[in-house]
Amino acid sequence: MGVSTGRDPVLHESVSPRPKQKEWFSISSEKTSSKMEPSGASTGQNAYPYDTERVRELLKHKRRVRGIRSCFPCRHRKVRCDGHVPCASCVRRNHAELCRVPTSSGRAGSEDRDSATDSHRVNHTAEDAQAQAQAQAQAQAQAQTPDPRLLISRLETIQDQIAALKADLRASTRTAASPGSASPRPGAVRTSKPPGRHFVEDATGATIFLGSHADTPLALGCRRAATAGDAMLHEAMVDQFVPRAYPFTNLWGSDAAMNEVCETLPDDSDTIRYWQTYQSAAYPFYPVLVTIEQFGASLVAFLDQRALAREAAGRPEEPDSSWLALLFAVLACGVQFSDDPIKERDLRSKVFICSSFQCLRLSNFFNRPDLDQIQAMALIGHCLRNNLDTNSAWILMGATIRLAQSIGLHEASLSLPRAAQAQRNGLWWTLIWQDTFLSFTYDRPPGAVTMMNCPIPYTRRGGHSFAECIFTICDTLLGRARQEGSSTPLQRSLDCKRRLEAVWDGAAPFLTDKARCASLQDHLERLALGVHLGYAICRLSHDVLVLLQQLLVVGDETTTTTTTTTTTTTTTSAADCMRSGLAAMESFLDLHRFSARVCRSWAFVHNAVSCAITLRGLETARSGGLRSGDRNPRAEASVRRLLAVVEREAKASEWCDADTNVRHFGPYSRELKALREMYQSGNEV
């Protein structure tokens, strides 16, 4: 390749002589390869008064190089990135955990240095350019190698910060235990509740908050975000390839009509079958459908009308969208407890949930709420819990409670008939039921923590029923939350624990005595109450043990009487925790033996597994290790039985999609993973 001779004299004098120019051009040709052919030089003619090849090279290296500002997923997909972490594109595509931006401007800086070096080569010989390139490579290698002294200095700084933080925590604990601090009684120490933490859900990759007294993250399918590292990221990436049906997805588009949604309804026989399954397996243990008699009559009338319209080859009259939302929610719950194949149960329940929520949209439920819409939303939350979307169920329940308060369900009205007021009271307390237990599980503030002018709908006939006992448990837990700041956390937990133990005294005889049960339903309700109440007492007893452990940290500043009282309370609480947790596990095992279908409810499975994990941690703390001689043989036998049941049910809940991905339906898969990790790896709670 030749070089054009049409050059400006001034520009020619500012560059090196012709022999130097040839050497430079050979080096430049090696760098740019054959991708850039100089237009003016190749033809031997140049319309510009200087060497265009040299100017082209100078302009190329004077170009400003921009650094990488987009995250890797957006850069890989070649879409616009807003620069936030996570960005809107990654959040919209459900892989926010993969959104990462470059940690430094290394590429921009490297290219700038290369540009400066290449522009400098224009006025130097090949030998100078090679020497400079070697010096630059050595400088980059030295810059990439961290200075050990700098690393040591940083580690020492971190250690000093940790030591200072420990000193501050000890000082704050001693200050809280000082004699001058306000306390409800002499010798009592006001301990503050430690802050909660953020965890990552294994199923969704979302970062959620768990309070300091929440259930163990293993039972909730969560792991610490800061310590999971690359393994967690790998699992999240693999999980992204598994398709997910979001429960609130619009399957019909923005202009969908009610008739299009009704096309997802099953035939009459399946509708009746799912309705009967809901009545027998789901409704008695979460009676959110307070208008069950009216609903049954309306369902038969709807099916008759649809059958007549089919015979006449006409379009049936569109039912009320709020009632139709309730129908789809009831069918979704009935499918979950049916005997259909596991794949049909999973897909049908999700389609029915999407249909129910689409009907809520068409009914404008945020602006015109009614009882049918609120019952439908509560049932949707119940279905989400049973399919392990418990965090979404908690969020949805908060919105449901706000809608219920907007129509005054939390207040008793004297203008309504007694039957209508009883329905409204029952619906309100059923909402409190789900919200209180979810909030208690996650250790989050409940949605209705303020005082309510809506009494529990007691019937006062031969003791409290199963639902009334659950309402009493919820009222007790809400009372504990209302007393936040009025007394010490230890005193609140002890008072709440005593009130929960008194629930047995007001229950109907068949709920406390096996011999008084007259039917299978009586036995099922007795065992269901044992699971719920045993779980609540076990959790509170464990909280008491944690708070007492905080008191022992400042034992050098407490009196001998306080230390003795603390030791006695610790022993009593440990025994109560073991007894109630064991009772909850055994009640669940008997409940599963009588009706495995009823035990598909997440609340039953989770409560039993949570108690098993709590007892594992309790035995580890008591024995100072895992010596088999210090374990409770009865508890060990119950845990083995529980593990066998959960393994069998989890295996039966598996199915494979079209891409041969193993999918799970129901509450057992997550609880099995938690049990195995706790009891086979020897982790502590």
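Evaluated against (1) assigned to a loop (DSSP other than H, G, I, E, B); (2) of a type in the set (S, T, N, Q); (3) modelled with pLDDT of 85 or more, Gln421 falls short on exactly one condition, (1).
Among the criteria (1) under 25 Å from Met377 (Cα atoms); (2) of a type outside the set (Ser, Thr, Tyr); (3) open to solvent by 10 Å² or more (accessible area, probe 1.4 Å); (4) touching a His at 6+ places or on another chain (Cβ under 7 Å), the one Cys454 does not fulfil is (3). The C-beta contact set for the range 536-548 (first residue hydrophobic (A, V, I, L, M, F, W, C), second residue surrounded by fewer than 24 Cβ atoms within 10 Å (Cβ to Cβ) and not in a helix (DSSP H, G or I), distance under 7 angstrom, 6+ apart or interchain) comprises Leu547/Thr191. Here Cys469 meets the list (1) open to solvent by less than 30 Å² (accessible area, probe 1.4 Å); (2) modelled with pLDDT of 85 or more; (3) over 17 Å from Ala528 (Cβ atoms) almost entirely, failing just condition (3). Listed by first and then second residue, the pairs with beta-carbon distance under 9 Å, at least 6 apart or on different chains, first residue in the range 636-647 and open to solvent by less than 20 Å² (accessible area, probe 1.4 Å), second among the aliphatic types (A, V, I, L, M) and not in a helix (DSSP H, G or I), are Val645/Ala596. In the range 386-400, the residues that are closer than 9 Å to Gly447 by Cα reach residues that are buried (at least 24 other Cβ atoms within 10 Å of the Cβ) with C-beta atoms within less than 6 angstrom, at least six apart or across chains, in these pairs: Met397/Gly381; Met397/Gln434; Met397/Asp435. In the range 328-344, of all residues being over 23 Å from the mean Cα position of the chain (by Cα) and outside any loop (DSSP other than H, G, I, E, B), the one that is surrounded by the most Cβ atoms within 10 Å (Cβ to Cβ) corresponds to Leu331. Tallying residues that are under 15 Å from Trp429 (Cα atoms), of a type in the set (A, V, I, L, M, F, W, C) and either open to solvent by 40 Å² or more (accessible area, probe 1.4 Å) or outside any helix (DSSP H, G or I) (or both) within the range 358-405 yields 1. Here Ser349, Ser355 are screened, and the one residue that is of a type in the set (Ser, Thr, Tyr), touching a Ser or Thr at 6+ places or on another chain (Cβ under 8 Å), open to solvent by less than 10 Å² (accessible area, probe 1.4 Å) and at pLDDT below 95 is Ser355. Scanning the range 175-221 for residues that are modelled with pLDDT under 85, within 26 Å of Thr614 (Cβ to Cβ) and of a type in the set (Lys, Arg) returns Arg190, Lys193. The condition (being within 24 Å of Asp370 (Cα to Cα) and in contact with a strand residue (DSSP E or B) (Cβ under 9 Å, 6 or more places away or on another chain)) is satisfied by just one residue among Asn453, Asn391: Asn453.
For first residues located in the range 199-224 and open to solvent by less than 20 Å² (accessible area, probe 1.4 Å), partners that are among the polar types (S, T, N, Q) and lie 6+ apart or on another chain with Cβ distances below 6 Å form the pairs Val200/Thr207; Ile208/Asn391; Asp215/Thr441; Asp215/Ser610; Ala219/Ser610.
Residue count for the range 298-320 under the criterion of being out of contact with any Ser or Thr (no Cβ under 9 Å at 6 or more places or on another chain), open to solvent by less than 90 Å² (accessible area, probe 1.4 Å) and not in a helix (DSSP H, G or I): the result is 3. Would you confirm whether any residue within the range 280-294 is of a type in the set (Val, Ile, Thr), over 25 Å from His664 (Cα atoms), surrounded by 14 or more Cβ atoms within 10 Å (Cβ to Cβ) and free of Cβ contacts under 8 Å to residues at least 24 places away in the same chain? Yes, some residue in the range 280-294 is of a type in the set (Val, Ile, Thr), over 25 Å from His664 (Cα atoms), surrounded by 14 or more Cβ atoms within 10 Å (Cβ to Cβ) and free of Cβ contacts under 8 Å to residues at least 24 places away in the same chain. All told, Asp267 meets the bar of being within 37 Å of the chain's Cα centre (by Cα), farther than 23 Å from Ala419 by Cβ, open to solvent by 30 Å² or more (accessible area, probe 1.4 Å) and without any contact (Cβ under 8 Å) to a residue 12 or more places away in the chain. Against the test of being in contact with a Lys or Arg (Cβ under 9 Å, 6 or more places away or on another chain), modelled with pLDDT of 80 or more and not small (Gly, Ala, Ser), the options Glu636, Glu684, Glu649 yield a single qualifying residue, Glu649.
Residues in the range 662-681 that are exposed (fewer than 13 other Cβ atoms within 10 Å of the Cβ) and modelled with pLDDT of 80 or more: Val662 alone. Criterion applied to Pro266, Pro287 was being part of a loop (DSSP other than H, G, I, E, B), at pLDDT 90 or above and over 17 Å from Ser349 (Cβ atoms), and the one residue passing it is Pro287.
For the range 427-442, the condition of being open to solvent by less than 50 Å² (accessible area, probe 1.4 Å), closer than 25 Å to Cys469 by Cβ, in a helix (DSSP H, G or I) and among the acidic types (Asp, Glu) holds for at least one residue.
The values are calculated or read from the model by the stated rules, or taken from the named source; none is laboratory data. What you are looking at is a predicted structure, and each value in this text was computed from that prediction instead of being measured. Note that each Cβ is placed from the backbone with ideal geometry, even for glycine, and that neighbours are counted across all protein chains shown. Keep in mind that these areas ignore ligands, DNA and RNA; they rest on the heavy atoms of the full protein, side chains included. Shrake-Rupley method; radii C 1.70, N 1.55, O 1.52, S 1.80 Å.
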